[in-house]
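Below is one structure, written out as structure tokens, with a few remarks after it.
Please treat every number below as a calculation from the coordinates, not as lab data. Keep in mind it's a predicted model, so treat the numbers as computed, not measured. As a convention, Cβ positions derive from the backbone with ideal geometry for all residues, glycine included, and neighbour counts pool all protein chains shown.
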Amino acid sequence: MPIIEMHLLEGRTTEQKSGAAKAITDAITSSLGVRAESVRILITEHRSAEFYVAGVAPALKAQQAADAELNKAED
């Protein structure tokens, strides 16, 4: 029984998540030769403040970039 775990940022619709789950199920059944009924997919959603790249939350990085541009414009 394949178990696939996905972590996504919040904001996708149920239809988008269902479409992704179907596409992943199709890929797993094709590549591993298992029945679709045996595929399990777990989707965990995270707020942008809980997601970090290189130690910085993208939301914070975007705010820092906007602040830098504002400071540059004031100079």
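Here are a few things to note about the model shown:
- Scanning region 1-12 for residues that are of a type in the set (D, E, K, R) and loosely packed, with under 13 Cβ neighbours inside 10 Å yields a count of 2.
- Across region 13-30, the number of residues qualifying as closer than 27 Å to P58 by Cβ and surrounded by 14 or more Cβ atoms within 10 Å (Cβ to Cβ) comes to 4.
- For region 43-69, the candidate set comprises residues that are exposed (fewer than 10 other Cβ atoms within 10 Å of the Cβ) and within 25 Å of I4 (Cα to Cα); within that set, the residue that is nearest to the chain's Cα centre (by Cα) is T44.
- Filter pass, K17 being part of a helix (DSSP H, G or I) and in contact with a Leu (Cβ under 8 Å, 6 or more places away or on another chain): yes
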